[in-house]
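Below: one structure, written as structure tokens.
Just so it is clear, none of the values below were taken in a lab; they were calculated from the coordinates. Everything numeric in this text was worked out from a predicted model, so none of it was measured.
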Amino acid sequence: MAKVRWTVTENSFKASIRNITSELESEVPRIVEDAVKEGAEAMQEAIAQDQQTQWVGRGPYATQGRQDSGDFRKDIKHDVEEYATSAKGEYGWIEGKKDYYMYQEHGFTHWITTNWIPGVQSLYHGAQRARAAVVEGIRGLFK
């Protein structure tokens, strides 16, 4: 890893700073990728382990938490876009039925039984893990 070195000449100091900048920029996409992947995996785990409600439907995943067709968990994706000096990542329900899934995420009153179905709060779990991955990635740059 490049380090800042104080030297007599101004040019060598500037070269060290440039070296650090390019090294940091080259690691940003990896850190973002790790963070969104961790966030997506944490969401899927939270959904699979959810046992807050008796009502789970009749799909092939009905024994694993609140899954009926399994789409609530399977539709969680992650994606990273790289730019010249930055990267942007997202995870969660980034395609398709996002509006419907927000009912499962935050909770709702079931239209047939009128029972309150508590939300999974998987986005919260994902955010915690994604944040931890970013912090760990940045710490790794300075070892």
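Hey, any idea what Rg/Rh is for segment 27-141, computing Rh the Kirkwood way over Cα pairs?
1.06
Once amide H atoms are built 1.01 Å from N in the peptide plane, which residues 5 or more positions from G107, or in another chain, come under 5 Å H to H?
Distant-sequence amide H within range of G107: G119, V120.
How much length is gained if the chain between D99 and R139 is pulled fully straight, taking 0.36 nm per residue apart and subtracting their Cα-Cα distance, in nm to one decimal?
Gain on stretching D99 to R139: 10.8 nm.
Give the aspartates and glutamates reachable from K74 as a straight Cα distance under 20 Å; neighbours fewer than 8 places away on the same chain don't count.
The reachable aspartates and glutamates, counting only those whose Cα sits under 20 Å from K74, are E33, D34, E38, E41, E45, D50, E90, E95, D99, E105.
Pull out the extension gain between H106 and E90, defined as 0.36 nm times the separation in residues minus the alpha carbon to alpha carbon distance; nm, one decimal.
Length difference between fully extended and current span is 3.8 nm.
When the convex hull of the Cα atoms of segment 91-143 is projected onto a plane and the area is averaged over all directions, what value comes out in nm²?
It is 4.3 nm².
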